[in-house]
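*Asks:* Here you go, one structure.
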2 protein chains.
Amino acid sequence: MSKISLSKISTRAPKEFDKAETKEKTAAILEELDDLQNLLYAENRHSILIVIQGMDASGKDGVIRNVMGSMNPQGVMVKSFKAPTSEELSHDFLWRIHNHTPAKGMIQVFNRSHYEDILITRVHRWIDDERTKKRVEAINAFERLLEEHNETHILKFYLHISREEQTQRLEERMHNPAKMWKYNEQDFEEAKLWDNYQSAYEDCFEKCNEPEWTIVPSDQNWYKEYVIAKALRDMLKGLKMQFPGLKKE
Amino acid sequence: MSKISLSKISTRAPKEFDKAETKEKTAAILEELDDLQNLLYAENRHSILIVIQGMDASGKDGVIRNVMGSMNPQGVMVKSFKAPTSEELSHDFLWRIHNHTPAKGMIQVFNRSHYEDILITRVHRWIDDERTKKRVEAINAFERLLEEHNETHILKFYLHISREEQTQRLEERMHNPAKMWKYNEQDFEEAKLWDNYQSAYEDCFEKCNEPEWTIVPSDQNWYKEYVIAKALRDMLKGLKMQFPGLKKE
């Protein structure tokens, strides 16, 4: 991926997409996904890693509930990465990540990920450019390890929302009783660093582009869910998986 | 390290080394090591990874007992890697290894290691040259990750014994009641593959040479222990560690 400019990419569904129609399509895809995940588990050959990144309130939790939640939880694991513990900090930054990479047959979802180690850390200048460069190299080698040595297919999604949409959603958290638990004063401070985050993300798409990132227009949840469900379905279908035959002695 | 030929390297101590004298020197180094390890733990900045490889009966366990055992066990962890479990096999080959890399302040000893994944696997042709090449690249990137992102200093020791010495030691296991528990019929089968193992090791020294391997003449345990204790002592001394001052609010 060459340098992309997030401000030039729409955060909304293309005009030709109708909400009701798209929701129906998504529902059909989710049924397919359930079957494909079962086949992935049965074949026990490939593994899937889904990385979900995005600004605060970009809808990461919603994707996990509505898309990933449609599959058998026995084969789907979700790990949310928060600020590292002191034990985690006493190891290299990929140590805690590696521990959660998917076994064969499994789908692992990362709610935030090792990418935070070149995003929040950079925006706050906790690490300098030289350190960032070394982390980028380590991330690329790490993803190659998973792909080449465990048949891990990595899908990376950036949930792309507009600044206005973010402001609205953060404010809703202050007023909607069902969302107050997500309210965090700090989020408003982070939101002020919008431009710095966007440019750190752009840099990350350019430098860690193999496998490629998918930029998901996410102001409308129905479109975001469609794009992600479809990308996962297409990838799983492309694996040409088969149920294994009867194992005999 | 350029291509080295193990058959040209002596498995015995150089003539100028006297056994009794060397043992005294080793004892003095072990006392230094105890202090240096305490400082490493207190400073909580560097971490040390010691990889011990060698043919069957080359004396890996003895090094761990006699050299590593001289330090405070709270700061020294030992992990023996055996044949991978089915859970481990369902991940990339470095997954189980990464889980045991040292935290800051710690010394981690690997009794066998990720190098088996390009040694035994190669000798038995469980993996082909293309796969070996990819594993070599992954190992180099992995060791760089530890060095660059967690101040991990890696010491790699190959315990170099002669074929005659190995035969004698394996036979001793059949007759010495204190060693019978180590006897494994399979070891004699593996011993027949001596030349294949030596050449797989030579290749591994050439391709994974950063940090460099130390070839330790190991037919005489007293010399082997001296070389390893000294290498560890020299490395720790080179870190110029200091006790941290009083932490104040």
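Values quoted throughout were computed directly from the atomic coordinates according to the rules given, and no laboratory measurement underlies them. From a predicted model like this one, the values you see are computed outputs, not experimental measurements. Using ideal geometry, Cβ is built from the backbone for each residue, glycine included, and neighbour counts are taken over all protein chains shown.
*Asks:* Once both labels are modelled 7 Å past Cα along the beta-carbon direction, what's the A:PHE243-A:ALA178 spacing in nm?
*Replies:* The answer from the label model is 3.9 nm.
*Asks:* Between B:SER5 and B:LYS230, what is the spin-label point distance in nm, taking each point 7 Å from the Cα along the Cα→C-beta axis?
*Replies:* About 2.6 nm separates the two model spin labels.
*Asks:* Please go through the residue pairs B:LYS104/B:LYS224; A:LYS240/B:LYS133; A:LYS15/A:LYS104; A:LYS192/A:LYS224 and name each one whose alpha carbons sit more than 30 Å apart in this structure.
*Replies:* A:LYS15/A:LYS104
*Asks:* In addition: ³J(HN,Hα) across the stretch A:160-167 via Karplus (A = 6.51, B = -1.76, C = 1.60, θ = phi - 60°), whole Hz, x for Gly/Pro?
*Replies:* Taking θ as phi minus 60°, the curve returns 9, 10, 7, 5, 5, 4, 4, 4 Hz for the stretch A:160-167.
*Asks:* A follow-up question, please. Taking the Cβ of B:GLN220 as the centre, find all other residues whose Cβ is under 11 Å away and add up their charges (Lys, Arg: +1; Asp, Glu: -1).
*Replies:* Neighbour charge sum, excluding B:GLN220 itself: +1.
*Asks:* In a GNM of chain A with a 10 Å cut-off on Cα contacts, which of A:ALA83, A:ALA57, A:ALA138 has the highest mean-square fluctuation?
*Replies:* Result for chain A, Cα springs under 10 Å: A:ALA83 fluctuates most.
*Asks:* Could you give, in nm with one decimal, how far B:LYS82 is from each other copy of that position, shortest first, with labels 7 Å out from Cα toward Cβ?
*Replies:* 3.6
*Asks:* Here's another thing I want to ask about it. Mind checking the stretch B:119-205 for trypsin sites (Lys or Arg not before Pro) that DSSP puts in a loop (not H, G, I, E or B) and that have at most 14 other Cβ atoms within 10 Å?
*Replies:* When the trypsin sites (Lys or Arg not before Pro) of the stretch B:119-205 are filtered for loop state and at most 14 Cβ neighbours within 10 Å, B:ARG125, B:LYS179, B:LYS192 remain.
*Asks:* Ok, one more. Return the Cα extents of the stretch B:141-249 along principal axes one, two and three, sorted largest first, each rounded to a whole Å.
*Replies:* Principal-axis extents of the Cα atoms in the stretch B:141-249, largest first: 62, 34, 24 Å.
*Asks:* Could you put B:ILE120, A:ILE118 in order, starting from the residue whose Cβ has the fewest other Cβ atoms within 10 Å?
*Replies:* B:ILE120, A:ILE118
*Asks:* Got a sec? Charge dipole of the stretch A:1-137, +1 on Cβ for Lys and Arg, -1 for Asp and Glu; which of A:GLN53, A:THR22, A:GLY75 is way out at the positive end?
*Replies:* Farthest along the dipole direction, towards plus: A:GLN53.
*Asks:* Oh, and also: Starting with the fewest neighbours, write out A:SER7, B:SER199, B:SER70 ranked by other beta-carbon atoms found within 10 Å of each beta-carbon.
*Replies:* A:SER7, B:SER199, B:SER70
*Asks:* Percent of Cα-Cα pairs per 5 Å bin, from 0 to the last occupied bin, for the stretch A:131-190, please list those.
*Replies:* Per 5 Å bin, starting at zero, the Cα-Cα P(r) for the stretch A:131-190 comes out as 4, 14, 14, 13, 10, 10, 14, 14, 7, 1 percent.
*Asks:* Using Cα positions and a limit of under 18 Å, work out the lysines in reach of A:LYS134, with same-chain residues fewer than 8 apart set aside.
*Replies:* Within the straight-line cut-off, A:LYS134 pairs with A:LYS207.
*Asks:* Based on the inverse mean of 1/r over its pairs of different Cα atoms, what is the Kirkwood hydrodynamic radius of the protein assembly as shown, in Å?
*Replies:* That comes to 25.8 Å for the protein assembly as shown.
*Asks:* Mind listing the label-point distances from A:LYS240 to the same position on all other copies, shortest first, one decimal in nm, points 7 Å along Cα→Cβ?
*Replies:* Copy-to-copy label distances for A:LYS240: 5.9 nm.
*Asks:* Counting only helical runs of four or more DSSP H residues, what would the 222 nm mean residue ellipticity of the protein assembly as shown come to if each run contributes -39,500 (n - 2.57) and the total is spread over all its residues?
*Replies:* Details: 20 runs with 236 residues, N = 498.
Rounded to the nearest 500, it is -14500 deg cm²/dmol.
*Asks:* Under a Cβ-only charge scheme (Lys and Arg +1, Asp and Glu -1), can you give me the dipole magnitude of the protein assembly as shown about the Cα centre, in debye to the nearest 20?
*Replies:* 240 debye
*Asks:* Could you work out the mean count of beta carbons from other protein chains within 10 Å of each residue's beta carbon in A:104-111?
*Replies:* 1
*Asks:* What's the Kirkwood radius of the stretch A:1-128 in Å, using all Cα pairs?
*Replies:* 17.2 Å
*Asks:* Under a point spin-label approximation (7 Å from Cα along Cα-to-Cβ), what is the A:LYS134-B:ASP61 distance to one decimal in nm?
*Replies:* Those two pseudo-labels are separated by 3.9 nm.
*Asks:* Using the Karplus curve 6.51 cos²θ - 1.76 cosθ + 1.60 with θ = phi - 60°, what ³J(HN,Hα) values do you get for each residue of the stretch A:118-125, in whole Hz, with x for Gly and Pro?
*Replies:* 10, 10, 4, 5, 7, 4, 8, 6
*Asks:* Among A:THR11, A:THR132, which comes first, then next, by fewest other beta-carbon atoms within 10 Å?
*Replies:* Result, fewest neighbours first: A:THR132, A:THR11.
*Asks:* Starting at 0 and stepping by 10 Å, how many percent of the alpha carbon pairs of the stretch B:61-181 end up in each bin?
*Replies:* Whole-percent P(r) values from 0 Å outward: 10, 34, 35, 19, 2.
*Asks:* What list of ³J(HN,Hα) couplings, whole Hz, do you get for the stretch B:192-201 from phi and the Karplus terms 6.51, -1.76, 1.60, once you set θ to phi - 60° and write x for glycine and proline?
*Replies:* Running phi through 6.51 cos²θ - 1.76 cosθ + 1.60 with θ = phi - 60° gives 5, 8, 3, 4, 5, 5, 4, 6, 5, 5 Hz.
*Asks:* So what does log10 I(q)/I(0) come out to for the stretch A:17-238 at q = 0.09, 0.14 Å⁻¹, using the Debye formula with one equal point on every Cα and no solvent?
*Replies:* Result of the Debye calculation: -0.37, -0.94.
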